[in-house]
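The values are calculated or read from the model by the stated rules, or taken from the named source; none is laboratory data. Fair warning: this is a prediction, and the values are worked out from it, not measured in the lab. All Cβ positions, glycine included, derive from the backbone under ideal geometry; neighbour counts span all protein chains shown.
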Amino acid sequence: MPLDHRRVRGPEESQPPELWAAAGEVPVEGEEGEDKDAAPRDPCDLRPLFARAGLLSQAEGSAYVELGGGTKVLCAAWGPREAAEPGAAAPAGTGRLLCEFRRAPFAGRGARWRPGSASEREAEREAAAALQEALEPAVRLARYPRARLAVSALLLQDGGSALAAAISAASLALADAGVEMYDLAVGCALCRSPGPAAAWMLQPGEPEERRAVARLTVALLPALNQVSAVLGGGQGSSPDAWVQALRLGLDGCHRLYPVLRQSLLRAARRRDATAAAAATAATA
């Protein structure tokens, strides 16, 4: 008997998939139906950080940083290269650092700007300017006169604290490219929820950033104990509260620094092992 391939041969009866969902399953963070009974996070706790340098073969230096909760940033660095035009060099015989920040169309969850809209382009330009402000004090631009260095950051997924993650990833990419630097620039974000007794929280997630009335992003050169950038704004906080937030952010940068440094050391060891294997194969 010939079969009718145009029909879907499924069961005559079906059941909704909710019946097979695991009991007590935690809903996806940031979507409707968010678990409001979840235990609050300690404001001084850092989200888990994963960092890896030397991922992209097409770039001279690259780095990938991921924060627990979904923030994923990929950075690539190039240079030094000759300035495109004579007037492009920075004054006093130093080089230029060009920074680019882009959001992937699928980076955000929920209501977002339309990809390519004027609002999104303006937000990307502001993030690129903040990235340049945080990275310039860390790079020895005086060693590259009449040259330009370029770094590009791509936000793959926005789970909160995206700018701080981009600062750390871009600094790793520049160091992986062999650019002379004073130290790695480590970024750490904070936010404060509404309420008179609300505390500042380290590395907030996307839902926490949406509810925040004040935000702060700190970039630090830990080996020199030098602040390279302080970016943020908001209302409802006293000057003493901002000082406390700054101290908390600096402490977070010091705690994140060993993870980034070990990632850079592992990338250097992988590069040396690859070069040694290639040399052995060539002499064999």
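So, of the residues in region 177-219 that are of a type in the set (K, R) and over 18 Å from the mean Cα position of the chain (by Cα), which turns out to be surrounded by the most Cβ atoms within 10 Å (Cβ to Cβ)?
So, considering only residues that are of a type in the set (K, R) and over 18 Å from the mean Cα position of the chain (by Cα), the one surrounded by the most Cβ atoms within 10 Å (Cβ to Cβ) is R192.
Inside region 151-176, can you point out the residues that are hydroxyl-bearing (S, T, Y), more than 9 Å from the chain's Cα centre (by Cα) and under 17 Å from L256 (Cβ atoms)? Don't jump to the end; show me each part of the working.
Of all residues in region 151-176, those hydroxyl-bearing (S, T, Y) come to 152, 161, 168, 171.
Filter once more, so that each one left must be more than 9 Å from the chain's Cα centre (by Cα): 152, 171.
Passing the criteria: only S171.
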When the residues of region 138-176 are narrowed to those that are closer than 26 Å to L248 by Cα and either free of Cβ contacts under 8 Å to residues at least 60 places away in the same chain or of a type in the set (V, I, T) (or both), which ends up surrounded by the fewest Cβ atoms within 10 Å (Cβ to Cβ)?
V139
Pairs where the first residue, in region 48-75, is on the phi > 0 side of the Ramachandran plot and touching a residue at least 60 places away in the same chain (Cβ under 8 Å) and the second is among the hydroxyl-bearing types (S, T, Y) and in a strand (DSSP E or B), C-beta under 7 Å, 6+ apart:
G54/S62
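For region 148-192, what are the residues that are assigned to a helix (DSSP H, G or I) and hydroxyl-bearing (S, T, Y)? I'd like the intermediate steps shown before the answer.
Going through region 148-192, the residues assigned to a helix (DSSP H, G or I) turn out to be 162-176.
Result: S168, S171.
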Could you tell me how many of the residues in region 220-247 are modelled with pLDDT of 90 or more, surrounded by 19 or more Cβ atoms within 10 Å (Cβ to Cβ) and either of a type outside the set (A, V, I, L, M) or not in a strand (DSSP E or B) (or both)?
2
Exactly one condition in (1) in contact (Cβ under 8 Å) with a residue 60 or more places away in the chain; (2) closer than 22 Å to L131 by Cβ is false for A245; which is it?
(1)
